[in-house]
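Here's the structure we're looking at; comments come further down.
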């Protein structure tokens, strides 16, 4: 039986705190991508934008806009971007403003050509 | 620092007396809800055209593994008993009346959580069938992304909604440097968990 239950019985505490550390299995959850600005090029960014099924990615000049609210963590951009992207492992993304969920990533790779 | 912040809003706010950014303002606003609800919050869920996977994840919050009740959160079948409304789905127009009635029936103060990518505008664009974004129908306090959001993400959203945790997403840039701020999988401690 869970430890918090015995602790509650012993101390008479009805409610407990939020867990300090997530469970290990949570690392396997599908999560939005994180991009490496040094490896990211305009060409890779455009491929990732084209691969995204939910329009979570958009490119504005040398900025790649990632809308976490629209991202369904399908992983298609990871397949396209290769080493320029990897799963972030972050899934606790609750935000008090919709704008907090839109992230802009600077494209810092070479202007033309891939890796 | 603790003495200067002799606010009656909540213990969590006393550690951060100066309200500076938009995020702090939101935390202060939601902290007022926390002072009212304490550790007994009743949640009503409404489905506005979701594919039912979000409902499946919400239902899992009651499983022994997550056990919502230990945090003082409960589901209620009636909006009149609810403090918090969890809305899933892309806000289909056919649910406008039901959603409006549910929102109106909830007593003040009320908090609304948009659950999943659909009410955040991720999956369906606005057309004659759906609003696309829940914000166009009712005011939304907390956005929980994910398709679907895992029960742990929902749990964090619920605690952010009542000011018991601070939101973490503003600390991440989703560029490669995010690992410096917080290693993946770890949860940063809130002001009063």
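Computed on the range B:39-160, with alpha-carbon pairs under 8 angstrom and 6+ residues apart, the relative contact order is 28 percent.
Based on the Cβ-Cβ distance from residue A:63 to residue B:128, what FRET efficiency comes out when R0 is 41 Å, to the nearest 0.05? Computed FRET efficiency for residue A:63 and residue B:128 comes out at 0.80. Of the residues B:55, A:60, the one with the fewest other Cβ atoms within 10 Å heads the list, and the complete ranking is A:60, B:55.
Sorting B:152, A:65, B:165 from the fewest to the most surrounding beta carbons within 10 angstrom yields A:65, B:152, B:165. Computed from label points 7 Å out along Cα-Cβ, the spacing between residue B:75 and residue B:101 is 2.1 nm. Cβ-Cβ distance of residue B:63 and residue A:51, R₀ of 41 Å, FRET efficiency by 1/(1 + (r/R0)^6): the value works out to about 0.75. Shielding value for B:153-161 is 4, the average number of Cβ atoms from other chains within 10 Å of each residue's Cβ. Ranking of A:67, A:46 by neighbouring Cβ atoms within 10 Å, starting from the fewest: A:46, A:67.
Every number in this text was worked out from the coordinates using simple rules, so none of it is lab data. Just so you know, these numbers come straight off a predicted model, no measurement behind them. Counting neighbours? That spans all protein chains shown, and the Cβs are built from the backbone with ideal geometry, glycine included.
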